[in-house]
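Novice: Shown below is the structure under consideration.
The values are calculated or read from the model by the stated rules, or taken from the named source; none is laboratory data. Note that this is a predicted model, so its numbers are computed, not measured. Heads up, the Cβs are rebuilt from the backbone with ideal geometry, glycines too, and the neighbour counts pull from every protein chain shown.
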Amino acid sequence: MNEPVLEATDLRKDYVGGDGAPIHVLTGVQLTVSPGEFVAIIGASGSGKSTLLHLLGALDDPSGGDVTLAGQRYAELSPAELAALRNRQIGFVFQFHHLLRDFTALENVMMPLLIAGAGAAEAGRRARAVLETMGLGERLLHRPGQLSGGEQQRVAVARALAPEPALLLADEPSGNLDPANAERLHGLLAGVSRDHGRALVVVTHNRALADLADRVLALHEGVLALPRGDEVMAP
């Protein structure tokens, strides 16, 4: 049996409210994700889903608990080591693509590879290959403003996948797309875990995307659990 790619143990996150009282957003999240597994996380707005994703992706520090990715505990890493792990082992896809508008699709996807130290020729080869898998082989030299919304988001997915991360995290990845483009993106994301063995954790309100997952968990009152019958999702 494969070792887990991602493990979150008793993960907690607190904030201080305007009145000085603590706000307990996450109160004890437990999560294990295996290679090639697709986990969808649902929950009401404001339940802490994005906060959880930020902790899993080492974009924020927990108030308690720990995260382990590919055998490395975040709590044991220096800031520089954590940044290196994040850059090489985690891919992020957000609701808005955040592409660099003055760069082509190819250059946008090359960027994380160049930052990680790849040579220009190698970065270009790998970026081209992953864009082709996203159906964008003829759009390599187009800038974001010359691409449709669906194409822009597929470039963002390609950028996240180019470094071949162990874990892909997606926060409402189709929330800004029309139904046809959303359906295409959903299929591509499911293929990332099914065909390429990537661990995938997606926060979504979209029922069609959640239905493609191997597991669906709901974040409720600060913990992850199986969805209740009254969990509401968009069709």
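Novice: Can you go through ALA158, ALA213 and tell me which one is under 27 Å from THR9 (Cβ atoms) and crowded, with 20+ Cβ neighbours inside 10 Å?
Specialist: Exactly one residue qualifies, and that residue is ALA213.
Novice: Any idea which of ASP14, ASP19 is surrounded by fewer than 22 Cβ atoms within 10 Å (Cβ to Cβ), more than 18 Å from the chain's Cα centre (by Cα), at pLDDT 90 or above and of a type outside the set (Val, Ile, Thr)?
Specialist: Answer to the check: ASP14.
Novice: Sort through VAL39, VAL16, VAL33 and tell me the only one that's in contact (Cβ under 8 Å) with a residue 40 or more places away in the chain, of a type in the set (Val, Ile, Thr), in contact with a Pro (Cβ under 9 Å, 6 or more places away or on another chain) and at negative phi.
Specialist: It is VAL33.
Novice: Hey, among GLY117, GLY124, which residue is assigned to a helix (DSSP H, G or I), over 19 Å from the mean Cα position of the chain (by Cα) and farther than 22 Å from LEU185 by Cβ?
Specialist: GLY124
Novice: Can you pull out every residue in segment 16-29 that is part of a strand (DSSP E or B) and of a type in the set (Gly, Ala, Ser)? Before you say what the answer is, go through the steps one by one.
Specialist: Of the residues in segment 16-29, the ones part of a strand (DSSP E or B) are 16, 22-29.
The one that is part of a strand (DSSP E or B) and of a type in the set (Gly, Ala, Ser): GLY28.
Novice: Can I ask one more? Kindly check whether there is at least one residue in segment 90-109 that is modelled with pLDDT under 95, more than 29 Å from VAL16 (Cβ to Cβ), in contact with a strand residue (DSSP E or B) (Cβ under 8 Å, 6 or more places away or on another chain) and not charged (D, E, K, R).
Specialist: Within segment 90-109, one or more residues are modelled with pLDDT under 95, more than 29 Å from VAL16 (Cβ to Cβ), in contact with a strand residue (DSSP E or B) (Cβ under 8 Å, 6 or more places away or on another chain) and not charged (D, E, K, R).
Novice: In segment 57-67, is there at least one residue being under 15 Å from the mean Cα position of the chain (by Cα) and at positive phi?
Specialist: So far as segment 57-67 goes, yes, one or more of its residues are under 15 Å from the mean Cα position of the chain (by Cα) and at positive phi.
Novice: Residues that are touching a Leu at 6+ places or on another chain (Cβ under 9 Å) and either closer than 23 Å to PHE103 by Cβ or free of Cβ contacts under 8 Å to residues at least 40 places away in the same chain (or both), at least 3 per element: which helices (runs of 4 or more DSSP H) completely within segment 129-226 meet that?
Specialist: Values: elements: 149-161, 179-196, 207-210.
The helices (runs of 4 or more DSSP H) meeting that bar are 149-161, 179-196.
Novice: A further question follows. Taking strands (runs of 3 or more DSSP E) that fall entirely within segment 30-102, which contain at least 2 residues that are of a type outside the set (Lys, Arg) and more than 28 Å from ALA182 (Cβ to Cβ)?
Specialist: Hits in segment 30-102: 64-69.
Novice: Identify the residue in segment 171-191 that is of a type in the set (A, V, I, L, M, F, W, C) and within 13 Å of the chain's Cα centre (by Cα) and, among all such residues, is farthest from GLY150 (Cα to Cα).
Specialist: Looking at residues that are of a type in the set (A, V, I, L, M, F, W, C) and within 13 Å of the chain's Cα centre (by Cα), I get ALA190.
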